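*Asks:* Structure incoming, see below.
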Amino acid sequence: MRTSAPTFVMTSFKVSDETITAAKMAMEEKGFSYTGTAPGTKSLAAVINKNPVFVAGFINGVHRPSEADRHAICDTLGLSAEQTAEYDRPPVRKFAEIPNDPFNYRLIEVLANYGDPIREIIGELFATFSLPGDAPGRGNDGIMSAIDFSFHMFRRSEGNTLPEMTLQEATPQINERVTIVMDGKWLNFKAFVS
């Protein structure tokens, strides 16, 4: 007996904002943060033993883990079957105007894939930060400076986690990698009265 191939009806190409909001609200209600470093929270990344940036990307709809990991996270957060199914949709990465230069394009792609996850995890890391004289609890409302800032690039071989060369010639290897480090001062948004 012949069976027909499964059909895929594309009602939407992305996880809805409502489902993403529901997942983040569930994280808060159940005491989860991505890293587990925010005061009084458990690590959502530890549920599937993955990098917190990857898990934050999943919650924001830009990464797609395995079916088992998807169910583990969604079940942990108590999401509905419909919301869990949404997270099985192919991820949609958002772009602004795309530059023509391929190197610049890749950096834009990194921000499209990881911008929201990085912002949320930085918020967790600075959750307890407060300026002298400022009220506590506003620590994660800020940005990284691009003025009080340094940028480092390293060339390394795959498997070597420590940068082995800084903007110098090296013997070519089969699996060469680029490591980019952005180091900027944390700038809290200021509360003002007048």
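None of the figures in this text is laboratory data; all of them are computed from the coordinates on show. Computed from a predicted model, the values in this text were never measured in an experiment. So basically every Cβ, Gly included, is an ideal-geometry build from the backbone, and we count neighbours across all protein chains shown.
*Asks:* So how do His71, His152, His63 line up by other beta-carbon neighbours within 10 Å, fewest first? Can you show the working numbers first?
*Replies:* Values: His71 16, His152 12, His63 19.
The order, fewest Cβ neighbours first, is His152, His71, His63.
*Asks:* Oh, and also: Enumerate by residue number the trypsin sites (Lys or Arg not before Pro) in segment 23-98 meeting two conditions: DSSP loop (anything except H, G, I, E, B), and at most 16 other Cβ atoms within 10 Å of the site's Cβ.
*Replies:* Lys30, Arg93, Lys94
*Asks:* So how much slack lies between Phe103 and Ile180, counting 0.36 nm per residue of separation and subtracting their Cα-Cα distance, in nm? Mind showing how you got there, number by number?
*Replies:* Details: separation 77, 0.36 × 77 = 27.72 nm, distance 1.30 nm.
Full-extension gain reported as 26.4 nm.
*Asks:* Rank the residues Met144, Met153, Met27 as a footprinting-exposure proxy: fewest other Cβ atoms within 10 Å of their Cβ go first.
*Replies:* Numbers: Met144 16, Met153 12, Met27 19.
The most exposed by this proxy come first: Met153, Met144, Met27.
*Asks:* Something else about it: Provide the per-residue ³J(HN,Hα) series for segment 24-39, in order, calculated from phi with Karplus coefficients 6.51, -1.76, 1.60 and θ = phi - 60°, each as a whole number of Hz, with x at glycine and proline positions.
*Replies:* Listing the rounded values in order: 5, 5, 5, 4, 5, 5, 9, x, 10, 10, 5, 9, x, 8, 5, x Hz.
*Asks:* In addition: How much length is gained on full extension from Arg64 to Asp148, taking 0.36 nm per residue of separation minus their Cα-Cα distance?
*Replies:* Result for the pair: 26.7 nm of gain on full extension.
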